[in-house]
Amino acid sequence: MNQILRLLYADQISPIDKIFRYQQFDDAVTRQTVGDLLCGAFSDQYYRAQIRSKEAAEDFKEVNLKIKSILKMYSAEKVPLTREWLEAERVTTEADLNAKNRKIEEIENAIFHAQFDDRLTLNDQEETYKKLVELQSLIATIEEQITQKTLEQADSTQFIEAIENKLFQLQSSHAVIEEFGRLEFQFCPSCLEPVEHHGVEGACTLCKEPFEKSRTRSRSLKLINEFSRQREQSLELQALRDLEIRELRSKLAREKELWEQANRHYRVSVKTPTTAMRAELRSLNREVGYLIKKLEELAGRSEIISQLEELSSEREKLQAELDNLSALIERESNRNRERISNARQKIERIVIDFLRNDLARQSTFDNARNVDFEFDGNRVAVNGDSFFSASSMVYLKNSFLAAFAYAAANDSTFYHPRLLIMDTVEDKGMEPQRSKNFQIQLQKKSEAALSEHQVIIATSMIAEELNNDKYTVGDYYTHNNRTLKVM
């Protein structure tokens, strides 16, 4: 309702080159939707699709940027970040590692048979075993954390569903309260006698018992706001849990891979030669260490590839959603285009009539051929021009808002409320005769309108033809007769 009122009320504070009354937080989609609605063309699907399309486009842009950042980070390595490449590298590296370990075993067996009885010291064995135990403990801890987070996630999901169900019930009850507030019973539902005196201020129209509608609405809205806030907080916590679970699973895979590598290293590293063959064994051990390090890097690279796969899957889903939303928007646009075109033509004709009947102050108005207006762009142009003197821009804005109301008063397919309130008929240096001429144009179009409507203007220089009880309400206020009577 607030957005609709922005096209029904013209105040002196709002910018004169804007159609809508000024509002701090504003967006083009909402303005276009409100304009189309008042023109008689509105689709809730179209409005929601436009909003979701904008959100999905931002999500798609963000996901695509993440993918490009990851690819750029690893582009210098000249290797493809794919699961196939990773598995091929892992298989090749493990084969090399097994070959090196077999070579080490062969050399150590040769040393053993040659009476070189130099085995791995007990301290080295204990250090390797201690590392295995630490990794096993860490793996168990991570698995326990994943289980705990998963249970918390399931509980939170049930809680969110309960909140959403409660919100739906509250919103439904709020709508029922609003509807019952407008009901007027012609007959009592109990005794079927006619009900007289519906308009009892501050009381029920049926039983006449006093009650406060505002307190009921306030209580309902307070509950809706509170549950909405709880839902948003719960959704934020749920997203945080999802991120923590993904990180824990990646960490678990990495630690398991490290455990496997340490276990293989412990099994194969059982001898350390101290003979002339030591140099060859040290070289092999260095190569084994390099291969183990490479496997660790591949384990980390696996996490990156998993992120890429998730991001790619999300990007595909967003692209599919954007395609569906685009098709829906196009379909709804085609459906409403004809209705909007007819409404715009009617508004344009009345605006041109206002402009051509203006006093000869703006040559463009005198020769007005077409008027173009954009709800999303929040502007009006005459013959392609939208820059005039301040008073002419006020006249143009007033003419558009009035034309909108009168077009609706003459066409029942408009959703416009047929109400207009203007405090701008003498704004920005508007000369008295020009303002009075505009008032006469309003009066003529009101007299010719086909349906009931209301135009309210505030002015200190009223046209003489309208300064009578038929058109005026209230006193003529001056310095001595002020609007506020201070005792």
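General observations
- Yes/no for Leu359 being farther than 30 Å from Arg90 by Cα, touching a helix residue (DSSP H, G or I) at 6+ places or on another chain (Cβ under 9 Å), outside any loop (DSSP other than H, G, I, E, B) and at pLDDT 85 or above: no
- Some residue of the range 54-63 being out of contact with any helix residue (DSSP H, G or I) (no Cβ under 6 Å at 6 or more places or on another chain) and closer than 24 Å to Gln454 by Cα: no
The values are calculated or read from the model by the stated rules, or taken from the named source; none is laboratory data. It should be emphasised that the depicted structure is a prediction, and the values quoted were computed from it without experimental measurement. Note that each Cβ is placed from the backbone with ideal geometry, even for glycine, and that neighbours are counted across all protein chains shown.
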